[in-house]
Ligand code: 2HA
Ligand code: ZN
């Protein structure tokens, strides 16, 4: 059967963005082996051809019930697939799924029967929250940024808002473009529903959720914006580490400088 992208430029454009970001994740060293995953809500790009396709899998249990997702379509990186392969051949290393009307199962509909990401429970819980909040966000990203993960191996950084304040104070952009900061999710088993639940609780308060000793989850209107959130936080982490490597503890911007930014950008906290 032909690729579902062939006559659907709108869907092809979204998948192209995913492929571009997958390449960045690999280049940054954030995506070893099959590490990380991407999902995008492509319901708005689901044309008649996609909606008319017969499923190419049995119904598969999500493991939880997500009432806002009935009938929605998602492009998902495949489980055990590599980001560097997703970058070059997205439809061989990911698939489009449709959520069943019972909101507890999904079926794969295109192009190939590639099983979606092992972190599907967390990803779909994030999409459920985005739809429920009406924020119009369509993309969820999980990745393993080296320096940010390293910082979670130090207990003082895991206390509420310690990392957020440190990272904000390294460069004005991070304060401005990650205005709600980085929340910490204490270590939980990868792929678990407990991890999914803790992630969405964290994202109610913060822009990005940091899974202790594992990776980050970010959401956004599209996959570029979700990536940018992680990229600005990671930049701050690199500045902090560069200063420490030069033998000093960085001063950080002053409380006054931070306050000035909060006012200028009308930031929430
Ligand atoms: O998909 O990163 O957390 C591989 C992972 C699981
Ligand atoms: Zn991971």
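None of the figures in this text is laboratory data; all of them are computed from the coordinates on show. Fair warning: this is a prediction, and the values are worked out from it, not measured in the lab. Here the Cβ positions follow ideal geometry from the backbone for every residue, glycine too, while neighbour counts run over all protein chains shown.
For the peptides 93-106, 231-244, the ranking by packing is 93-106, 231-244, with the highest mean count of neighbouring Cβ atoms within 10 Å listed first.
The label point for residue 54 and the one for residue 258, both projected 7 Å from the Cα toward the Cβ, are 6.0 nm apart. Computed over the chain, the per-residue total of -39500 (n - 2.57) for DSSP H runs of n ≥ 4 gives a 222 nm mean residue ellipticity of -12000 deg cm²/dmol, rounded to 500. Antiparallel DSSP bridges in the chain: what percent, to the nearest 5? Beta bridges within the chain, antiparallel portion: roughly 90 percent.
With R₀ fixed at 35 Å, the C-beta to C-beta distance from residue 177 to residue 245 puts the FRET efficiency at about 0.90. Extent along the principal axes, Cα only, for the chain: 60, 35, 33 Å, with the longest axis given first. Looking at the range 1-136 alone, DSSP beta bridges between its own residues are antiparallel in about 100 percent of cases. When only Cα pairs below 8 angstrom with a gap of at least 6 residues are kept, the range 19-143 shows a relative contact order of 33 percent.
The separation of the range 162-207 from the range 15-31, counted between C-alpha centres, amounts to 21 Å. The modelled label-to-label distance between residue 80 and residue 64, using points 7 Å beyond Cα along the C-beta direction, is 2.5 nm.
Mind checking the angle between helix 223-245 and the chain's longest principal axis? C-alpha axes, 0 to 90 degrees, to the nearest 10. Compared with the principal axis, the helix lies near 30 degrees.
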